[in-house]
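Structure first, commentary second.
The values are calculated or read from the model by the stated rules, or taken from the named source; none is laboratory data. All of these numbers come straight from a predicted model, not from anything done at the bench. Here the Cβ is made from the backbone with ideal geometry for all residues, glycine too, and neighbour counts use every protein chain on show. Surface areas here come from the heavy atoms of the whole protein model, side chains and all, with no ligands, DNA or RNA. Shrake-Rupley method; radii C 1.70, N 1.55, O 1.52, S 1.80 Å.
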Amino acid sequence: QAPGGQHRPPVPVWARHDPHSGALLLSLHVQPGASRTQCCGEHGGRLRVRVAARATEGAANHALLDFIAGTLGIPARDVQLVRGSGSRIKVIQVSGASVAALGRLDTA
């Protein structure tokens, strides 16, 4: 429990706090070229995200960052690709979003 008796939402296995920046780091397994962009549960301890854009010239990465920002209701500038630009396994840094907001990704 948080101070004051408030209950803190649990941090998903695919998210953690970055002690240096204070931002959230999200571990993702991304599948480009899907029929629509959506989250599809967990895969190997990562949030699985299907992205409608193809993996050419960074289109899937750009669509992924826009999707995360839109779903969490934060500006796109607060979502950055940290690792995995050419891989299906990616780490995204999210600033300005709470752990509670991550629940929106589970239902998106």
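Taking segment 71-91 as the range and being under 11 Å from the mean Cα position of the chain (by Cα) and not in a strand (DSSP E or B) as the test, the residues that pass are T71, L72. Can you find even one residue in segment 57-70 that is more than 17 Å from A108 (Cβ to Cβ), in a loop (DSSP other than H, G, I, E, B) and open to solvent by 80 Å² or more (accessible area, probe 1.4 Å)? Scanning segment 57-70 turns up at least one residue that is more than 17 Å from A108 (Cβ to Cβ), in a loop (DSSP other than H, G, I, E, B) and open to solvent by 80 Å² or more (accessible area, probe 1.4 Å). Among the residues of segment 11-52, the ones that are in a loop (DSSP other than H, G, I, E, B), within 16 Å of R104 (Cβ to Cβ), open to solvent by less than 50 Å² (accessible area, probe 1.4 Å) and of a type outside the set (S, T, N, Q) come to 2 in all. Consider segment 71-108. How many of its residues are open to solvent by less than 60 Å² (accessible area, probe 1.4 Å) and among the polar types (S, T, N, Q)? Going through segment 71-108 one residue at a time, the tally reaches 4.
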